[in-house]
Structures are given as structure tokens and as C-alpha cells.
RNA sequence: GGGCGUUUAACUCAGCGGUUAGAGUGCCUCCCUUACAAGGAGGAAGUCGGGGGUUCGAAUCCCUCAACGCCCACCA
């Protein structure tokens, strides 16, 4: 009859079993259901570039805890999973792969072929990533899995772009981009890195027009950009140059007359000569200066391949570095060269080609963030308002500031990327002069009257010629064909990845409707029903580095498209760092592979630790070790191992275990590649011991119960009739349940794990189970003990489930076999799975501080006896007499329980009740906390014991003095809250009593 | 440069105005007691980063200095 569990928890079997079980039962699938309150989370879609790392484990564990908890609470809980196409990251990974395998660039294989290769890559890695997510126990609604390039998402992108274009929020403009002249593409800021590089610092001078012998000097690190100079700039209050402001100089290479302007932001009188050349098309600062001084020219001197274009006059066609020499030489010849200084300068490089970045002016698409001309709030303002008026709340609150500060700049959002992988910009263009304007319309023929599906605009191209732009909405392939037939050409660029990510909460839920046919096998297509049922979502869980890139933009598009916020709460979790406080990243090579942890410690342990880490600090450190593949020793990672500096590690062995290994292996991690000669280490961290041990503790507590459930009969448990330790346990259970629920509501994840752990381990296992052992042998007491044990364990498994779903599900099953009906105070049939069990709550009336205080007295007693016993190494043969004169109520409570208190304290002889051991025998020790007499005749070191007592008395007296001074202080008594004053009075009485007992005992000790 | 955070035991972190500052790991002693050695019992270990202030009372609030880190901007 009693179910026998294996001795230790084996995570692997459980993980496999329950993943299948949960999915087969369809517990994670949510359908619109008006009878339940919805709770939705959309996953921050991982990039399809590669493997999951620890940050994903953290992020997704927290979401799973929330979604499982809400599901148990009876919400219609939907966790929408998916992945992100991650434009540049994915394209560059595949480009590199193609190049390493076939030595072909993307231009050589062509757009269609490259995109096809990326799709192949994506299919492979999407499967892998989603599989990894499943292994963590993520209870996503897998049938709704989305990818940001799915037709559903594409429709949303098209619709959004179309509306923004039509409403004038999207415009075409120039912007300086990071240009990779080698790959001939622009790269995002985060795809560049800065490195100190040997360079030069040249000083030149230009002659001021109409002022003989007047020169003005400036310095530069890039002389070739002189070809694109369109001004010299000085500080408006710089006395050296004041008189020259407004005059012109002649740029010697091009012969252009360029003005000397004043700009207090660009020019710093304390730097260099105080005068700076202005090259708006090739320097970000100069570009900003040009925006403030639109009257000066903006001259692009580069071709996409990094050679000088026709604006460079005679230097046309030269590579930029050759041009640099030539330009400098010419200045020397003209006597305008003022010297060169070798200097180490920080230079931006492209991460992908490792070549220097050129700031390059190009046409880009933008979303206008500024306030509108009609005075209504613009997109940025609207997005800010949602947070300032509290519709969207940040947890922790301080992060609202990052969001608001960034939006307050109202900088336009550049949404075009010169890539092939992504949502193509849905705009077709044709030069105006090629259009038949005689009909009085620029519109393409044959589509007039379809203005709900397209929008037209005019703009200027690079050369200042008119260009007709036509933006086409979704579901309008016919229009696209008409346009193409008439010579309109689609913009080659794709949209910023964040543009589709920004729509994620509503695009995945069915906006813009109407329903689409199922476009991918068994995946459920969203529609207006899902949109209505699950939007807005409940909580967004993410990390702070994408508050502006992603969070803000989701709010923006939610408000713009749906007129409704995308989520009510944003929880920002800490960022993981390594043992040295550095952020985990691929380039640092200090990441942890979560699957290594799952393998070694179990998914529950990983999850437990992730939850423990998620407090409200912004960083959390995670020291990690490599596990020697030969001897299983944990070798902590050191700083010098990072950044790929250590390719191989030598195992130092483990002296404490007498292991001298000395073999070599390759450090592990999510981003390592294989070393053909030595094995790659798995990773581990002692931090995960706690979770693994906790799972095992739960396992064995259940195991204990199952071994003692014979004859179990469900029945009502009447609180009033219960012994004190039961009342205590139920009080603790009710309290724990209440505070855990509150912690979840407030996103205090680390509190959740700590509270549950402490309750289970220190209270349920260490005390209650120990105390129950005696009762389980007593026929009269056994039934109640069984009911309480089963009922409390039932509650524990529910509380644990969101954090540790696998072990709790296993134990739920085992408990279900032995005690299918259980519960407090009344038994009920248990649900078929912990996964769908009801989240517990217990009557407030169970919580009794008074009972808890009485129990604490007993604990003090037992601990005191154990301490003495331990100090003198009392073995069974030694006589150890204990008598107790606890506070009367406590004594009365536990009188009947001496049978278990004695073994608990590990003592042979135990009498409870009023003290009868007077006079105390020589060598007795008094524990003042509980007034217990422990006698070890002849065994005590009296001098040492006296000294100990003196020390204790001194400590107590110090405490007493503190309390006394407080209570004698009128201000304290009058101004502190009454309960605090009372607390102090109680403390005073307590301490005085303790001191009296100690002193009495000290006298005895000295004979 | 702007913003934010951290500094408490050897390590990783709780505590955030009120008796003698806690946990896990590690360390020391004892115990393989039929739930659990991934365990049990006990112990040692901290001028709460430095300095100043507010308060009857400060690890906790304020100021300041220092170190470390993260985000954003920037570096002719």
C-alpha cells in the first residue's frame, strides 16, 4: 500500500515524463474563455542566432513562474512563445558561415539565395531554441508559436507601416550611419567596437579670404575629410577668432569658399587650436552642427566602396587612405601643413569585417517622434504619458526613469537597415520625371480609387530630383504588380528588427485581423477573438538594456495601432554578471550554458536559483566553474581565462579529495566551438547546489510521509482540537502562503524562493516531521498526524510548483496515489496534476503569533539542550538529566509531548513540568532562555562554563542598558509608536529575567 | 559627461529606522539515528566601504569621499 519512492530525486526522468504529460493534456493551451480572467505574457522572443544562455534561463524562468502561478489561480493564462529574426545578427552569422564554407560574399551568392540560406539556418535554430526552452519547463502555449517573419507578423508590419506612412509619421531622410566599406553596408552601433589604434593628428591651416597673411589653424585625425569640409567652426566667445566669424576661407583642394561659423557646442576653445573643421557628411558631431546651421553645405565625398567620389575633384577614385596621403601632401606643398603628431586614437571598427567604420551619409526611413504640428502629443509624448499616468507600471519603479528620459529626447527612430534579412520596406518609387504627369496625377495608372490600400508621397532623391513614393498596405499583391509593371521599384532595404518586435504583443495575438487561414501546420492562427481575449497582456519580463529599444516601442505601437497599452506591468530583472562583476556576453566569453546546469543539477535547481537571484538589484553575480571532463573537479573560472585568452585549461585536481589530475581541457560555455584535440568542459556552479538539495529534500519529505501513510483516512481537521505543534505548523503554512502570494503579486521573486525554502526545510522538515515521528507510532494520534502531514505537504507542493514544476509534479503524483483525498481543514479530491492544482490560501484565523511564540520557547529549549550536549560530547552512556520549568503555558503544551521532545533534543532522561531538581547538583548548567536544568555530573569544565556565563551576562547587560536608556528617554516614550514602546518593555522584562537566571547559575557554578 | 546601482561573514546575497545583524555555500566538532550524508546536531567567523550629519535610537535616512559595475551619450 505505501508507495516506495527511490531514495534520491532523479531530475532527468521527471523532466522527460512531465514535459510530455503536460503537453499531451494541453494544459498550456489557452483559448478565449469569457468565464475566466485573462493573464497573458508574451515572451521576449530570443534571436534565432544560436543557443540560449543564462540570461534567457533567468528571463524565461520568471515568466514561467508567473504564468504557472496565475494558471493555478484560475486565470486564463496564456504564454505566447516565439523567436525573433534578429536582422543583422542572423544575417551576419549566416554570411560568415557561407564565406567560411564557400568563400563567397553575399553579393556573390545573391539576395534570394542568401535569404534562403538564412531561412534554413532559422529553421534549425528556432527548433533548437524552442526545444531548450521546453527543457527549462517553460509552459508556453506552443501551438501559438510565432516568428517575427511569419505571415501574421508581416501583415501587422505592413499595416503599421502603411498607417504611419499615410499619417505622415514615417518619412525619408538623411542620416549618418556606420558604414562598413568592405561589406558595403551600414552596421548598427552595437555591431561595432572601438579600439585604440595608432593614428595621426594633423594640423593644417586655411587662408582667410580677403585678409592677407591671416590663417586659421585646425587639427584633424582624418585629413581626407577636408575634401568634404563645408565650414570652419569656432566658439562664439573665443576672443582669438571673434573677428573672423562670418568671413570665408577657400578650401585648397576643391576651391570651395566655406564660411567661418560660430557654434558653442561643436567648438571647444580649450581643445587644440580652438578651431574645428566641419564635415557634416562624415562626422556625427559635424552633422549635428549642420543641423543647427542648415545654411552650410553638406558634402558627401565617399562612394559606398570607400573611394572618393566626384565631389573630391581630382582625388576622385582614390581609396580614402590614399586620398589621405595625397590631400596631406598637397597641403604641405601649399605650405599649409602645420605638423603631424603620432597619436593613439579610438577608432570604430565593424564587428563583422573588422575594418574601420566610416561615418557615411545615406537615405534612411524614419518614424517621427516629435510633437505634432497641430499641438497634439506626438508618438514619443503619447508613449511617455502611458507611464506617467500609471497605465503602465515598472517594477522596480526606478526603471520608469530610463524609459521616460530616453523618450523625452524624442529622437526620430531610424527604421531602415541595409540588409536582406527582414521585413522589406513596403514602398515603391519612381522618378517624377518618368511619370506621366500630364494627367495631373502622379499616381500609378489603374489603382486610383484604392486609397485605403496605398498612399503616395513625393520626395527628393540623392541628386535632388523628384521621386514619387508609393506605400502599399497588406494583402495588396495586385497593387504591387501594377506598380512594378509601371516601373516602380521597391526599396531594397529592410526594416529594423525592432520594428516588428515592437508589434509583438498585438501582432501575435491577431491584430490587425481578420482571421487568416492557418498558415503553418498545426499552429493556431490568431484573430480578433484572441486579440480581444488576451490583449492587453499582463506582465512584460525583460532586462533593462532594452527598455528603450523594445519596451518603449511596444507601448508606442500598441497605443498607435490598437489605442491600448500592450501590458500593464513591466518587470525588469537583474542582469547576470560573472564572478568579477562583468556582464555575461559572447565577446567576453563568460556566459553559462543553462543546459549544462540542467544536466548536472536538474531544471528545477536551475529555476530555483534563477528565482532566488531575481531581487530588485540591477546586477547579480554568478561565479562559474568548468567541470574537468576527466575527474569531475570544479575548476573556478578566473579572469585571465576570459575573452578567449585561455583556449585550454589544465585541471589542478582536488587536493581535499586527493585527486591529482593535470589533464587539459577546453573551457565550456554556450558559445564555445569544439577543440578537436581536447574535450570541452561542461559548466557548473556551486550556486545550484541549494536548488538541487531542496528538490531532494522535498522528495524525501514526501518519501517519509508515504512510508507512514498506512491506514490513512481522509477526514476533517479541527484546528481547535489540534496539539500545539499542529496549530503552529498551520499558522506557519497560512503565513507562508499569504506572504508568498503577496511576493508574487509584487514581483519579489527572491522572497518567494526563500520563504518557501525556509518553511519547507526549517519548519516542516526540521521540526514538524521530527515531532510527528512519535505521534505516528501512537494509534490515537496517528490519524490526525497523517491528515495534517498530507494536507500540509499538499499545500507545499502547490506553493513550490511554479518554481520547481518537475519535482512537485512527481511528488503530486506519488502523494495522489497514497492520499488522493486530502486537504485542510476539509479533505477534497486532489486535482490530476500540480500544474493545474488550485493555488492555496488558508484562513487568516490560522495565523497565531501566540502559538508561534510558544513554539519558539520550545525550540529554544531543545536547541539549548542540544548545545550543551554537543559541547560535552555526551554519548549514550553518559548520564544526562534534564528537567524543565518552562513558562507554565509552554510546559503545559508540551507535557504530553515529552516522548518526542526528548529524542529531538537527543537526551536520555527528560522530565517536563515545574522544576523539581532542587537544589541543583554540582555541575548543572542553566539555559536562561527556557529555564531548563541540564545536569552532567562530573563532566563539566566549571571554569570554562563560568567564563561562558560571564560573557553571556556581559552581553545581556549591554542589551539591557540599551533598552533601559530607551525607556528612560522621555522622547522615545512619547514619540515612538506604542507597540514599539511595549516591545521594549517586554524586552526589558525578558532580559532582566535572563540575567537573573544567569547570575543565579553563575553563583551555583562557583559553588 | 548624464543616469542608475552596488559596497554587510572567506564566497554569493538577505535585512532598508527599534532588543544581542541573518541565510546558503565554505570552515571546525560530533553523528551513516529506517525520509533525506544532496542528510542531522552544534560551533567559530562581521569596527554592516571611509568620514560627517539627522534622530531618543542608524547597517537602514541625508550629505560627502572612495572603489566597483551597468545603461545612455560622447571622444576635432
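Yes/no matrix, rows are residues, columns are (1) assigned to a helix (DSSP H, G or I); (2) within 10 Å of RNA strand B (Cβ to nearest atom); (3) under 28 Å from the mean Cα position of the chain (by Cα); (4) buried (at least 18 other Cβ atoms within 10 Å of the Cβ):
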site	(1), (2), (3), (4)
A:391	no, no, yes, no
A:400	yes, no, yes, yes
A:407	yes, no, yes, yes
A:411	no, yes, yes, no
A:422	no, no, yes, yes
A:430	no, no, no, yes
Could you tell me whether any residue of the stretch A:569-591 is surrounded by fewer than 19 Cβ atoms within 10 Å (Cβ to Cβ), under 25 Å from residue A:29 (Cα atoms), at pLDDT 75 or above and away from RNA strand B (no atom under 13 Å from the Cβ)? yes
In this structure, does residue A:733 turn out to be touching a helix residue (DSSP H, G or I) at 6+ places or on another chain (Cβ under 8 Å), more than 13 Å from RNA strand B (Cβ to nearest atom), part of a helix (DSSP H, G or I) and in contact (Cβ under 8 Å) with a residue 60 or more places away in the chain? yes
So, in the stretch A:281-296, exactly how many residues are more than 7 Å from RNA strand B (Cβ to nearest atom), assigned to a loop (DSSP other than H, G, I, E, B) and buried (at least 17 other Cβ atoms within 10 Å of the Cβ)? 2
Just checking, does the stretch A:163-181 include any residue being touching a helix residue (DSSP H, G or I) at 6+ places or on another chain (Cβ under 9 Å), within 30 Å of residue A:374 (Cα to Cα) and part of a helix (DSSP H, G or I)? yes
Matching option when the condition is modelled with pLDDT of 85 or more and under 46 Å from the mean Cα position of the chain (by Cα), among A:223, A:269: A:223
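Give the residues of the stretch A:2-34 that are assigned to a loop (DSSP other than H, G, I, E, B) and within 16 Å of RNA strand B (Cβ to nearest atom), sorted by residue number. So that I can check it myself, show each step before the final result.
Keep residues of the stretch A:2-34 that are assigned to a loop (DSSP other than H, G, I, E, B), which gives A:2-10, A:26-34.
Matches in the stretch A:2-34: A:2, A:3, A:4, A:5, A:6, A:7, A:8, A:9, A:10.
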Hits in the stretch A:35-60 - residues which are in a loop (DSSP other than H, G, I, E, B) and surrounded by 20 or more Cβ atoms within 10 Å (Cβ to Cβ): A:43, A:44, A:45, A:46, A:48, A:49, A:52, A:53
What is the residue count in the stretch A:454-504 for residues that are free of Cβ contacts under 8 Å to residues at least 40 places away in the same chain and farther than 19 Å from residue A:172 by Cβ? 7
Can you tell me how many residues in the stretch A:706-723 are under 19 Å from residue A:8 (Cα atoms) and more than 8 Å from RNA strand B (Cβ to nearest atom)? 1
Residue in the stretch A:671-684 that is farthest from RNA strand B (Cβ to nearest atom), counting only those that are surrounded by fewer than 22 Cβ atoms within 10 Å (Cβ to Cβ) and under 24 Å from the mean Cα position of the chain (by Cα): A:672
What are the residues in the stretch A:552-594 that are in contact with a strand residue (DSSP E or B) (Cβ under 9 Å, 6 or more places away or on another chain) and assigned to a helix (DSSP H, G or I), if any? A:553, A:554, A:555, A:556, A:558
Could you check how many residues of the stretch A:61-89 are part of a helix (DSSP H, G or I) and in contact with a strand residue (DSSP E or B) (Cβ under 7 Å, 6 or more places away or on another chain)? 9
Where in the stretch A:191-280 are the strands (runs of 3 or more DSSP E), entirely inside, with at least 3 residues that are in contact with a helix residue (DSSP H, G or I) (Cβ under 9 Å, 6 or more places away or on another chain)? A:192-207, A:231-234, A:257-262, A:275-278
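The values are calculated or read from the model by the stated rules, or taken from the named source; none is laboratory data. Not measured: the values here are computed from a predicted model. Every residue, glycine among them, receives a Cβ derived from its backbone with ideal geometry; neighbour counts consider all protein chains shown.
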